[in-house]
Amino acid sequence: MSVTDLPRFDMVHPESLEALCTLIHEEKERPGGVAMLAGGTDLMVEIAQTGSRSGPLPLVVDISRMAPLRGISFDAGRLRIGAATTYLEIERSGLVQQHAPLLCRMGQDVGGPTIQARGTLGGNLATSSPAADGVAAIAAYDPVIVLRSVRGERQLPLAELQTGYKQSSRAVDEVIVAVECDPPPVGSPWIWRKVGTRLAQAISKVAMGGVAVVDEGRISRFGLALASVAPVTCLMSATRAYVLENELSAVSTAGLDAAVERDVAPIDDIRSTRDYRVHCSRAVVRAFLRQLGASV
Amino acid sequence: MRVELLVNGQERVVEMPPMVRLLDVLRGQLGLIGAKEGCGEGECGTCTVMLDGEPVNACLVAIGQCNGREIITVEGLAEGEHLTPLQQCMADHGGAQCGICTPGMLIAAEALLRRERSPSDEQIRAAVAGNICRCTGYQRIVISIQEAAAARREQSEGPR
C-alpha cells in the first residue's frame, strides 16, 4: 500500500457501540480485516509507508468520535478513561490532574502537541507496542482494560492483554472501550521519566511511570512500569516485589539494581542499545526510590 | 464520501474517498497550498492545521473523519492583504526564514495564543515542539511569538 492506495479504502461510522460490535463481528472473516481508526497516528503512517504490499484492504471503521469510547470519569475511587480519549484531553482533564497526575505529565511527552491532539490510550493499547509512553504510565496504576464484543464485556489486567511484541489477546472482533484504575490517594508520590533523543517527537529509549503509597517507612503500594525495555510494557514484577518486601531503609542499590536487571530485557535497535537501556532503567528506578526516601 | 467542512470560515463540501488525507484535500481540491507536506508521517509539523481549534498533522487525518468539523489553515489567519500581528512579528523578527515550517509554525503558535494571552517561553517552546525548523535555531521563533503575544495584548487593550 501507499498514499496512492488511499482512495480505495472504505470507511464506516458506526452509530452505537452495539452497531460497532456487530459490524466488527460480521466483518471478522473479511479478507484484509477491519481496521479501527481513532487518531490515525499509527494507521495513516502505516498505510503511507508500507510500500507496495498487495492484497485486500481492511475496512476502516472510524471510532474517533464515538461517545461511548470517549471521556473521563471518576466514581467511587475508580478512574475511567474512554479508549478514544486523546492524550490532549487526558492532559487537560481536571479529574486526571487530581487523581492520576502522572498521566497528565506523560501526556505532555507523547510526540508533540499535534500528536497529543490525535493519539489515544486505546490506540496504543490496541497496537500493543512496548514503546508506548501512555501504556507505561497507565500501567503504574495497575489498570484493567475494558473490552466489548457481541459476546459481552470483559475486563483484563494489562498483563493479560499484552501477550508479546505488538501482540495482544484482544479478539479481532473486540473493541477496547475504556481503561479503568483505582488511583492511590490524592497527593501520593508519583514519577514520570522519559529518556529520548530530544524532548518532543521522540520515541522513548526508556520511559518509566511509577506511583507509590508510603506508610511509616514502608511502601504499601507500588506501581511501576517501563516502556521500550522488553517485548511488552515491562511491569517490573521483581522490582515491585523487592520494594514491597523491604523497609525503605533496607532498600539497597545493589538489591534494587539486581531486581531491575531481572525485569528488563531490552534490545539494541535504531533508537538505543541494550546496555544503555539497562543503565537507564537502573537510573530511573533508583531516582523514584530516592524520591520515596530510600538511600540508593 | 460526501464531507461537509468549515474551512477558514467558509462552508465547503467535498466528495472524496474517505481515507484520502485531509492534507491532500486541502492542497488539491480546495487549492489551499499553505500547509506543506514534509515527512508525511506526523513528525515534522509543516502540514499543521487547526481541527476544531486544536493543531493537528493534516497528513494523519483522513478526510472521512472530518465531516462537520472546522479547519483553519494558514490562509485563514490573515484578513485580506493584512497580516495578523503573529505573521507580521514572524516576518519582522526573523521567525520566518526559508518558509517551509512557517505555515505549520504559525498555526501552532496561533492555537497557543488563542489559549494563552501571556505565554512563557517554555509554553511557546512546548506549543511548537512538533514543528521542526532547520533555519532559525528556534530562538527567533520564540521571540516572534512573544512579540506577537504582546501585540495582541496591546490590540485587545487598545491604546493607553
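Treat the stretch A:67-181 as a sphere of radius equal to its Kirkwood radius over Cα pairs and apply Stokes-Einstein at 37 °C in a medium of 0.692 mPa s; give the translational diffusion coefficient in µm²/s, rounded to a whole number. This corresponds to a translational diffusion coefficient of 235 µm²/s.
Accessible surface comparison of B:92, B:52, A:173, probe 1.4 Å, protein chains only, largest first: the order is B:92, B:52, A:173. Two decimals is fine: what is log10 I(q)/I(0) at q = 0.10, 0.14 Å⁻¹ for chain B, from a Debye sum with one equal scatterer on every Cα and no solvent? For chain B, the Cα-only Debye profile gives -0.35, -0.67.
How much net charge surrounds residue A:210 when only the other residues with a Cβ under 15 Å from the Cβ of residue A:210 are counted, with Lys and Arg +1 and Asp and Glu -1?
Values: positive: A:105, A:193, A:194, A:221, A:240, A:282, A:286, A:290; negative: A:109, A:133, A:142, A:263.
Net charge around residue A:210: +4.
Buried surface for the B/A pair, taken as the accessible area of each chain alone minus that of the pair with a 1.4 Å probe, is close to 2400 Å² in total.
Calculated translational diffusion coefficient of the stretch A:114-178 (25 °C, 0.890 mPa s; Stokes-Einstein with Kirkwood radius over alpha-carbon pairs) equals 202 µm²/s.
Please compute the contact order of chain B in relative form: average sequence separation of alpha-carbon pairs under 8 Å and at least six residues apart, divided by the residue count, as a percent. Don't skip to the answer; put the middle values down first.
On the way: 280 pairs, mean separation 37.2, N = 160.
Result for chain B is 23 percent.
Per residue and in Å³, how big is the convex hull formed by the alpha-carbon atoms of the stretch A:3-62? It would help to have the intermediate numbers written out before the result.
Working: hull volume 4.6 nm³, N = 60.
In the stretch A:3-62, the Cα hull volume divided by residue count equals 77 Å³.
Protein-only accessible surface at a 1.4 angstrom probe places the residues A:28, A:194 in the order A:28, A:194, largest first. Treating each Cα of the stretch B:85-157 as an identical point scatterer and summing with the Debye formula, the log10 of I(q)/I(0) at q = 0.14, 0.21 Å⁻¹ comes to -0.34, -0.79.
Helices that extend 15 Å or more along their long axis by alpha-carbon positions and average at least 0.5 on the Kyte-Doolittle scale are, among the DSSP H runs of chain B, B:102-115. Note on residue A:66: accessible area approximately 10 square angstrom, rounded to 10, probe 1.4 Å, nucleic acids and ligands left out.
Projected onto its three principal axes, the C-alpha set of the stretch A:209-284 covers 44, 21, 15 Å, listed from the longest axis down. The figure for residue B:74 is an accessible area of roughly 30 square angstrom, using a 1.4 Å probe on the protein chains alone. Using the 1.4 Å probe convention, the accessible area of the protein assembly as shown works out to 42 Å² per residue with neighbouring protein chains retained.
Give the Rg/Rh ratio for the stretch B:2-76, taking Rg as the radius of gyration of the Cα atoms and Rh as the Kirkwood radius, to two decimals. Let's see the in-between values first.
Details: Rg = 10.8 Å, Rh = 11.9 Å.
Rounded to two decimals, Rg/Rh equals 0.91.
Going by a 1.4 Å probe on protein heavy atoms, which residues of the stretch A:108-141 end up with at least 10 Å² less accessible surface in the whole assembly than in their chain alone? Those residues are A:113, A:114, A:115, A:117, A:118.
Given the convex hull over the Cα atoms of the protein assembly as shown, what projected area results after averaging over all orientations, in nm²?
On the way: hull surface 95.6 nm².
Its Cα hull, projected and averaged over all orientations, spans 23.9 nm².
Report relative contact order for the stretch A:3-62 in percent, whole number only (criteria: Cα-Cα under 8 Å, sequence separation at least 6). Present the calculation step by step, with values, prior to reporting the outcome.
Values: 56 pairs, mean separation 32.6, N = 60.
Reported as a whole number, the value is 54 percent.
The residues of the stretch A:1-34 listed by number as losing at least 10 Å² of accessible area in the complex, against the isolated chain and with a 1.4 Å probe, are A:3, A:6, A:7, A:9, A:11, A:13. From helices alone, chain A scores -8500 deg cm²/dmol at 222 nm; the rule is -39500 (n - 2.57) for each run of n ≥ 4 DSSP H residues, then divide by the residue total. Rounded to the nearest Hz, the phi-derived 3J(HN,Hα) couplings of the stretch A:253-268 under the Karplus curve 6.51 cos²θ - 1.76 cosθ + 1.60 (θ = phi - 60°) are 4, 5, x, 5, 4, 5, 5, 4, 5, 5, 7, 8, 9, x, 10, 7, where x marks glycine and proline. Solvent exposure of residue B:4, expressed as accessible area, is near 90 Å², computed with a probe of 1.4 Å over the protein chains only.
How charged is the neighbourhood of residue B:24? Take every other residue with its Cβ under 15 Å from the Cβ of residue B:24, and add Lys/Arg as +1 and Asp/Glu as -1.
Details: positive: A:8, B:12, B:21, B:27, B:36; negative: A:5, B:15, B:37, B:41.
Summing Lys and Arg as +1 and Asp and Glu as -1 gives +1.
Over the stretch B:2-76, what is the percentage of antiparallel beta bridges among all DSSP beta bridges, to the nearest 5? Intermediate results must be reported in sequence, preceding the final value.
Numbers: 13 of 16 bridges.
Here the antiparallel bridges make up roughly 80 percent for the stretch B:2-76.
State which entries of A:28/A:194; A:166/A:194; A:205/B:36 exceed 27 angstrom in Cα-Cα distance in the structure shown. All intermediate terms of the calculation are to be shown ahead of the outcome.
Values: A:28/A:194 37 Å; A:166/A:194 21 Å; A:205/B:36 30 Å.
Violating the 27 Å limit, Cα to Cα: A:28/A:194; A:205/B:36.
How big is the gap, in Å, between the Cα center of the stretch A:142-170 and the Cα center of the stretch A:72-101? Between the Cα centres of the stretch A:142-170 and the stretch A:72-101 lies a distance of 19 Å.
The values are calculated or read from the model by the stated rules, or taken from the named source; none is laboratory data. Everything quoted here is computed from the prediction, not taken from an experiment. Glycine also receives a Cβ, built like all others from the backbone with ideal geometry; neighbour counts cover every protein chain displayed. Remember, those area values only see protein heavy atoms, side chains included, never the ligands or the DNA or RNA. Shrake-Rupley method; radii C 1.70, N 1.55, O 1.52, S 1.80 Å.
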